[in-house]
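The values are calculated or read from the model by the stated rules, or taken from the named source; none is laboratory data. Owing to the predicted nature of the structure, the values given are computational and were not obtained by experimental measurement. Here the Cβ is made from the backbone with ideal geometry for all residues, glycine too, and neighbour counts use every protein chain on show.
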Amino acid sequence: MPEYVDDDNPPEDTGIHHWETIAEVPEDVKKYWAQRYMIFSKYDRGIWMTEEAWFAVTPEPIANKIATHVAEAAPANKTTIIDAFAGVGGNAIAFAREGRWQQIFAIEKDPNVLECARQNAKVYGVEKKIFWIKGDCFDEINKRFSGRNDTVIFASPPWGGPGYNVDQVFNLSTMQPYSLDAIYKSFAKICNSLVLYLPRTSDLNQIAKYTPKGRKLEVSHYCLRGASKALCVYFGDFQFEGE
Ligand SMILES: C[S@@+](CC[C@H](N)C(=O)[O-])C[C@H]1O[C@@H](n2cnc3c(N)ncnc32)[C@H](O)[C@@H]1O
């Protein structure tokens, strides 16, 4: 029997679900559901998902590794982290569990997806450590964080759906619905520490164009079972071991 954190059942008619048996799972989601404990190790305790979230969520081991890297490498004066595209909470939960941050903000425009994130954070015991914002991240970040210099923005934007990996090299200038340039320009004017989570096949030449003169940009691949699943680009004064 699944071990629910409390009596929470997904609200009806919202597209939110907690599937317990493979018979409930749509055909195109089955391969993701089969990896549910890799995605959320506490899946059985009442994790909520939407159908699209199965394709989009950051798996827990990767979210944890990114959270460790960001915490270790961010400049000491950075005390707040903003998860701009929070989804169902994969990364926000990892940032909250990591423990470095005085404030964690999670922004998500889809109210049902945000409900999933809150529930999932509850499952992991960190719901109250996160400020939840329903809205457009470009507006919200502009409105709430302009003029602050203690923030890091983490952004895992949509990559255009599950078919994103058909091309050998992923074109970041046609990424849908927001291109690399649109994301970078919106956030870089507000915050000088930005971490972007992008497809593993992203065009590194396009990324390299954003390297400040005489400086380097850090790009890290994150792997599961020996294969890269995604990469992060670290823009700003992140300090990695061995540099
Ligand atoms: C790739 S998913 C994020 C997955 C997340 N890292 C996780 O682990 O669950 C991208 C999310 O961004 C949301 N989104 C898209 N545009 C947005 C915007 N302008 N502001 C806030 N959220 C947005 C989508 O609804 C989607 O849930």
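Taking the residues in region 86-108 that are part of a strand (DSSP E or B) and either β-branched (Val, Ile, Thr) or more than 20 Å from Met49 (Cβ to Cβ) (or both) as candidates, determine which candidate is farthest from the ligand (Cβ to nearest atom).
Among those that are part of a strand (DSSP E or B) and either β-branched (Val, Ile, Thr) or more than 20 Å from Met49 (Cβ to Cβ) (or both), it is Gln103.
Report, ordered by the first and then the second residue, all pairs with beta carbons closer than 9 Å, sequence separation of six or more or different chains, a first member in region 56-69 that is modelled with pLDDT under 95, and a second member that is buried (at least 22 other Cβ atoms within 10 Å of the Cβ) and assigned to a helix (DSSP H, G or I).
That search, which allows pairs on different chains as well, returns nothing.
Given the conditions (1) crowded, with 17+ Cβ neighbours inside 10 Å; (2) among the charged types (D, E, K, R); (3) more than 14 Å from the chain's Cα centre (by Cα), and given that Glu108 satisfies all but one, which numbered condition is not satisfied?
Looking at each condition in turn, Glu108 falls short on (3).
Does region 22-37 contain at least one residue that is assigned to a loop (DSSP other than H, G, I, E, B), within 28 Å of Val233 (Cα to Cα) and at pLDDT 95 or above?
Yes, region 22-37 contains a residue that is assigned to a loop (DSSP other than H, G, I, E, B), within 28 Å of Val233 (Cα to Cα) and at pLDDT 95 or above.
Here are the criteria: (1) of a type outside the set (D, E, K, R); (2) buried (at least 16 other Cβ atoms within 10 Å of the Cβ); (3) more than 24 Å from Ile190 (Cβ to Cβ); (4) touching a residue at least 60 places away in the same chain (Cβ under 8 Å). Tell me which single one Ala74 does not satisfy.
(3) is the only condition that Ala74 fails.
Listed here are the residues, each with its yes/no results for (1) at pLDDT 95 or above; (2) among the small types (Gly, Ala, Ser); (3) surrounded by fewer than 20 Cβ atoms within 10 Å (Cβ to Cβ).
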{"position": "Leu196", "(1), (2), (3)": "yes, no, no"}
{"position": "Thr201", "(1), (2), (3)": "yes, no, yes"}
{"position": "Gln206", "(1), (2), (3)": "yes, no, yes"}
{"position": "Lys216", "(1), (2), (3)": "no, no, yes"}
{"position": "Ser220", "(1), (2), (3)": "yes, yes, yes"}
{"position": "Leu224", "(1), (2), (3)": "no, no, yes"}
{"position": "Tyr234", "(1), (2), (3)": "yes, no, no"}
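List every residue pair whose Cβ atoms lie under 9 Å apart, where the two residues are 6 or more positions apart in sequence or sit on different chains, the first residue falls within region 212-227 and is without any contact (Cβ under 8 Å) to a residue 40 or more places away in the chain and over 19 Å from Tyr184 (Cα atoms), and the second residue, located anywhere, is among the small types (Gly, Ala, Ser) and in a strand (DSSP E or B).
Pairs that qualify, where the first residue is without any contact (Cβ under 8 Å) to a residue 40 or more places away in the chain and over 19 Å from Tyr184 (Cα atoms) and the partner is among the small types (Gly, Ala, Ser) and in a strand (DSSP E or B), are His221/Ser228; His221/Ala230.
Here is a list: Gly163, Gly214. Which entry is under 29 Å from Glu27 (Cβ atoms) and either more than 13 Å from the ligand (Cβ to nearest atom) or assigned to a helix (DSSP H, G or I) (or both)?
When all the criteria are applied, what remains is Gly163.
Taking the options Tyr184, Tyr210, name whichever one is in contact with a helix residue (DSSP H, G or I) (Cβ under 9 Å, 6 or more places away or on another chain), surrounded by 14 or more Cβ atoms within 10 Å (Cβ to Cβ) and aromatic (Phe, Trp, Tyr).
One residue alone meets the criteria, Tyr210.
Restricting to region 40-58, count the residues that are within 9 Å of the ligand (Cβ to nearest atom) and either assigned to a helix (DSSP H, G or I) or surrounded by fewer than 21 Cβ atoms within 10 Å (Cβ to Cβ) (or both).
Number of matching residues: 5.
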